[in-house]
Amino acid sequence: MGDRLNLIQQEALASIEQAKDSNVLEEIRIKYLGKKGELTQFLRGMGKLPPSERPIMGQLVNKTRRSIESALTRKNEAIERESLIKRLKDETIDVTLPGEKPQLGGLHPLTKVLNKITDIFFGMGFNVAEGPEVELDYYNFEALNIPKNHPARDTQDTFYINENVLLRTHTSPAQIRVMEQQQPPIKIIVPGRVYRSDAVDATHSPIFYQIEGLVIDKNITMGDLKGVLDIFIKRMFGERTRTRFRPHHFPFTEPSAEMDANCTACEGRGCRICSNTGWIEILGAGMVHPKVLEYGNIDPNDYTGFAFGMGLDRITNLVYGIDDIRLLYENDIRFLRQF
Ligand code: PHE
């Protein structure tokens, strides 16, 4: 019986030695030490031995069990150590590899300049209003004192959708829409897209942006208009920038003016950007025509107001020194990345 025990032990130790993972080890443990395992069977068979031999045999069996158990434990530890070493090797991170920068988007230059303009007018107590791009002839022309057959219609080559509906040629129709909805005091700017049937070149685009301004209250004067616009220009282009007003004509303002700022590129000395005049035209403005107030249901005997309209593209080009309006609409990523 001792020989058989020896055989079992040798066999068990040999297969433990060859085991490659902990599953195999577990199978070996069950095979030898489990309830139906070989060693357990062996113990059961001991009942047939004469009582005097049993204690010695029992001790031998226990010794064999302990040696198999400790071999299992040692092998298990070895396998775990090996797999840890392998995992550490597999998961090595090379911290010296160059990193990959995530690509960040940015705001379009038109959006950046619009945000700045909006901030400046917020600072003076203005709110933002909006109007539709597909507009009625009534709001775009009629209520702005530009009746059918008025020559001013010819200066704005209009995309008509039908006789009464068009793509707005300026943001001024929002003046009437705001007046219809709001009682004075009114103090708003209206940024938005406008359309004119112009051929594309460095200074023209059939789609561009305007920002309208409208202030209506008691005792508003031309002085208020000049003050607000002068502050705007100084905050936009710098405290040293000067402005001037030239008489002009718009059917919806009276009196009307165009406002220039002195050229920021040459500081007024004269250069290519300002066509050697030292001045750059920035916007059109004037006192809201009494007829326009009436169209907006506001009594011109009680209220006066001023309005202005500027091209966002023109101002953006001035801010960044861009000399071709097309760049703003082509969305060439090499151009846009510069902002
Ligand atoms: N709507 C005019 C234009 O597009 C600009 C303007 C607005 C002039 C408000 C006076 C008052 O040219």
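At a glance:
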| quantity | calculated |
| --- | --- |
| Trypsin sites (Lys or Arg not before Pro), loop per DSSP, at most 15 other Cβ atoms within 10 Å - longest free stretch of the chain | 37-147 |
| Distance from the stretch 212-252 to the stretch 127-149 (C-alpha centre basis), Å | 22 Å |
| Projected label distance in nm at GLU180 and GLN59, using a 7 Å step from Cα toward the beta-carbon | 11.3 nm |
| Neighbour net charge for LYS31 - beta-carbon separation under 10 angstrom, K R +1, D E -1 | -2 |
| Crossing angle, helix 54-90 versus the chain [Cα axis fit, 0-90 degrees, rounded to tens] | 20 degrees |
| Angle in degrees between helix 222-237 and the longest Cα principal axis of the chain, rounded to the nearest 10 | 40 degrees |
| The chain, relative contact order [Cα under 8 Å, separation at least 6], % | 15 percent |
| Cβ-based net charge around GLU281, under 12 Å, with every Lys or Arg adding one and every Asp or Glu removing one | +1 |
| For ASN127, distant residues with modelled amide H under 5 Å away | LYS187, ILE188, ILE189 |
| Residue-averaged 222 nm ellipticity for the chain, from DSSP H runs of 4+ at -39500 (n - 2.57), nearest 500 | -13000 deg cm²/dmol |
| Rounded FRET efficiency, nearest 0.05, which uses the C-beta distance separating GLU27 from LEU88 and R0 of 25 Å | 0.35 |
| Principal-axis tilt of helix 109-123 within the chain, Cα atoms, nearest 10 degrees | 70 degrees |
| For THR253, residues with placed amide H under 5 Å, excluding near neighbours | HIS289 |
| 5 angstrom amide H check on ILE220, placed H, neighbours 5+ away | THR304 |
| Overall Cα dimensions of the chain - principal axes, largest extent first, Å | 133, 46, 38 |
| Estimated distance in nm for a label pair at GLU100 and THR203, the labels positioned 7 Å out from Cα along Cα-to-Cβ | 4.8 nm |
| Rounded to whole Hz, the Karplus (6.51, -1.76, 1.60) HN-Hα couplings of the stretch 17-24, x for glycine and proline | 4, 8, 4, 9, 8, 5, 5, 4 |
| Selection from HIS204, GLY278, THR316, by position along the positive dipole direction of the stretch 192-339 (Cβ) | GLY278 |
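Each reported figure results from applying straightforward, stated rules to the coordinates on display, with no laboratory input. For clarity, every value in this text was computed on a predicted model and none was experimentally measured. Ideal geometry is used to build each Cβ from the backbone, glycine not excepted, and the neighbour counts take in all protein chains shown.
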